[in-house]
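Chemist: Sharing a structure, written as structure tokens. Questions coming.
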């Protein structure tokens with residue numbers, strides 16, 4: 001599936017100024033690399049990022065290109081706790097190390113997404129580099145030679161520090177970042193809420209793992225209602241035992257398997273990335289969360305972004 005290509009249109013300095021929210025003079029100063037001007041580093045980076053996305057020529061020293069490469073190189077960045085050993089990205093090998101304590105389904109889903117992305121980019125003869133990121137960074141040293149980045153569930157502050165170091169296409173998976181520069185793909189929880197309402201026919205709670213990205217957590221809570229969202233990793237033993245009396249929409253296969261031990265099958269619907277075919281889930285009702293569709297969409301958007309051949313759309317929802 002390739003996205004619809006837009007007609008080529010050469011960007012102007014005014015286009016860049018409008019998108020970046022600065023004056024034409026500021027854009028001119030930045031693109032001409034004029035010294036002695038009182039332009040903040042944040043504004044300079046914003047102008048350069050916008051210019052690069054709009055396919056406008058930027059100064060060579062700001063480009064992250066290696067002209068000797070025969071293939072694109074994509075970095076996949078995700079949060080990982082300090083002290084966790086990371087195995088290298090190797091085609092066909094599962095990456096099963098934990099990325100956050102107490103979040104089994106979130107960990108498994110991120111690892112599944114990474115493997116799906118790595119497989120697809122390998123088929124396109126792209127290089128794929130795993131770049132785990134420790135949360136709450138104060139500075140970030142950019143990795144040279146990357147042509148594009150896919151970030152998965154990062155703290156907004158960490159993402160801003162990281163993304164400000166690059167002038168290449170950056171995509172956010174399962175993240176909400178209020179900036180048109182970045183392509184965003186996430187699960188369509190509005191559709192899930194509609195399906196769950198039809199299946200339960202009464203009030204229910206969403207049970208989910210916590211995530212790093214604050215905007216994504218806020219989005220999920222806004223769909224279901226803050227008082228109707230329960231975070232598994234924050235539940236006490238007493239609260240966990242009380243779940244047997246509740247109708248539960250459970251986000252993730254592993255979490256569904258765990259919760260099935262505390263309640264009855266008729267009280268549970270699982271949002272499943274594997275279509276509910278894992279052991280222990282045979283009697284549970286399923287809403288399919290298509291991770292392959294998410295990976296395919298990410299691959300196609302990234303390919304078109306690298307070729308600079310389609311209009312920027314802020315947000316894509318997948319189910």
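Chemist: Determine whether residue 212 is more than 17 Å from the chain's Cα centre (by Cα), assigned to a loop (DSSP other than H, G, I, E, B) and either assigned by the TED database to the domain that holds residue 105 or within 21 Å of residue 130 (Cα to Cα) (or both).
Modeler: No: the conditions fail for residue 212.
Chemist: Here are the criteria: (1) on the phi > 0 side of the Ramachandran plot; (2) in contact with a strand residue (DSSP E or B) (Cβ under 7 Å, 6 or more places away or on another chain); (3) in the same structural domain as residue 264 (by the TED database). Tell me which single one residue 225 does not satisfy.
Modeler: Residue 225 satisfies every listed condition except (2).
Chemist: To continue, here is another question. Would you mind stating whether residue 176 is touching a helix residue (DSSP H, G or I) at 6+ places or on another chain (Cβ under 7 Å) and surrounded by fewer than 23 Cβ atoms within 10 Å (Cβ to Cβ)? Give the derivation first.
Modeler: On the way: touching a helix residue (DSSP H, G or I) at 6+ places or on another chain (Cβ under 7 Å): yes; surrounded by fewer than 23 Cβ atoms within 10 Å (Cβ to Cβ): yes.
Criteria met by residue 176.
Chemist: Consider the range 193-226. How many of its residues are under 17 Å from residue 246 (Cβ atoms) and exposed (fewer than 13 other Cβ atoms within 10 Å of the Cβ)?
Modeler: 5
Chemist: With the structure loaded, tell me whether residue 266 is modelled with pLDDT under 95, over 24 Å from residue 110 (Cβ atoms) and in a helix (DSSP H, G or I) or whether it fails that test. Steps first, answer last, please.
Modeler: On the way: modelled with pLDDT under 95: yes; over 24 Å from residue 110 (Cβ atoms): yes; in a helix (DSSP H, G or I): yes.
So residue 266 fits the description; yes.
Chemist: Right, residue 263: surrounded by fewer than 14 Cβ atoms within 10 Å (Cβ to Cβ) and farther than 30 Å from residue 56 by Cβ or not? Give the derivation first.
Modeler: Values: surrounded by fewer than 14 Cβ atoms within 10 Å (Cβ to Cβ): no; farther than 30 Å from residue 56 by Cβ: yes.
No, not satisfied.
Chemist: A further question follows. As an exercise: evaluate residue 251 against (1) more than 14 Å from residue 109 (Cα to Cα); (2) surrounded by 15 or more Cβ atoms within 10 Å (Cβ to Cβ) and give the number of the one condition it does not meet.
Modeler: With (1) more than 14 Å from residue 109 (Cα to Cα); (2) surrounded by 15 or more Cβ atoms within 10 Å (Cβ to Cβ) applied to residue 251, the lone miss is (1).
Chemist: Of all residues in the range 232-252, how many are touching a helix residue (DSSP H, G or I) at 6+ places or on another chain (Cβ under 9 Å) and outside any helix (DSSP H, G or I)?
Modeler: Number of matching residues: 8.
Chemist: Looking at the range 300-314, can you tell me whether even one residue there is within 21 Å of residue 212 (Cα to Cα) and surrounded by 13 or more Cβ atoms within 10 Å (Cβ to Cβ)? Working first, answer last.
Modeler: Here is the first cut: in the range 300-314, the residues within 21 Å of residue 212 (Cα to Cα) are 314.
Right, trim to surrounded by 13 or more Cβ atoms within 10 Å (Cβ to Cβ) and you get none.
Scanning the range 300-314, I find no residue that is within 21 Å of residue 212 (Cα to Cα) and surrounded by 13 or more Cβ atoms within 10 Å (Cβ to Cβ), so the answer is no.
Chemist: Read through the list (1) at pLDDT below 90; (2) within 23 Å of the chain's Cα centre (by Cα); (3) loosely packed, with under 15 Cβ neighbours inside 10 Å; (4) not assigned by the TED database to the domain that holds residue 121, then give the number of the only condition that residue 274 fails.
Modeler: So the condition that residue 274 fails would be (3).
Chemist: Is at least one residue of the range 299-313 under 20 Å from the mean Cα position of the chain (by Cα), more than 29 Å from residue 169 (Cβ to Cβ), modelled with pLDDT under 95 and not in a strand (DSSP E or B)?
Modeler: Checking the range 299-313: not a single residue is under 20 Å from the mean Cα position of the chain (by Cα), more than 29 Å from residue 169 (Cβ to Cβ), modelled with pLDDT under 95 and not in a strand (DSSP E or B).
Chemist: Shifting gears a bit: Out of 171, 111, which single residue is surrounded by fewer than 20 Cβ atoms within 10 Å (Cβ to Cβ), under 30 Å from residue 254 (Cα atoms), at pLDDT 90 or above and within 16 Å of the chain's Cα centre (by Cα)? Even if it seems obvious, please write down each step before you answer.
Modeler: Values: 171 fails: surrounded by fewer than 20 Cβ atoms within 10 Å (Cβ to Cβ).
Result: 111 is the single residue among 171, 111 that is surrounded by fewer than 20 Cβ atoms within 10 Å (Cβ to Cβ), under 30 Å from residue 254 (Cα atoms), at pLDDT 90 or above and within 16 Å of the chain's Cα centre (by Cα).
Chemist: Taking the range 152-170 only, how many residues are touching a helix residue (DSSP H, G or I) at 6+ places or on another chain (Cβ under 6 Å) and either under 26 Å from residue 287 (Cβ atoms) or in the same structural domain as residue 214 (by the TED database) (or both)? First the steps, then the outcome.
Modeler: Initially, the range 152-170 is screened for residues touching a helix residue (DSSP H, G or I) at 6+ places or on another chain (Cβ under 6 Å), giving 152, 156, 164, 167, 169-170.
Checking which are either under 26 Å from residue 287 (Cβ atoms) or in the same structural domain as residue 214 (by the TED database) (or both) leaves us with 152.
Of the residues in the range 152-170, 1 are touching a helix residue (DSSP H, G or I) at 6+ places or on another chain (Cβ under 6 Å) and either under 26 Å from residue 287 (Cβ atoms) or in the same structural domain as residue 214 (by the TED database) (or both).
The values are calculated or read from the model by the stated rules, or taken from the named source; none is laboratory data. What you are looking at is a predicted structure, and each value in this text was computed from that prediction instead of being measured. Every residue, glycine as well, gets a Cβ built from its backbone with ideal geometry; the counts of neighbours run over all protein chains shown.
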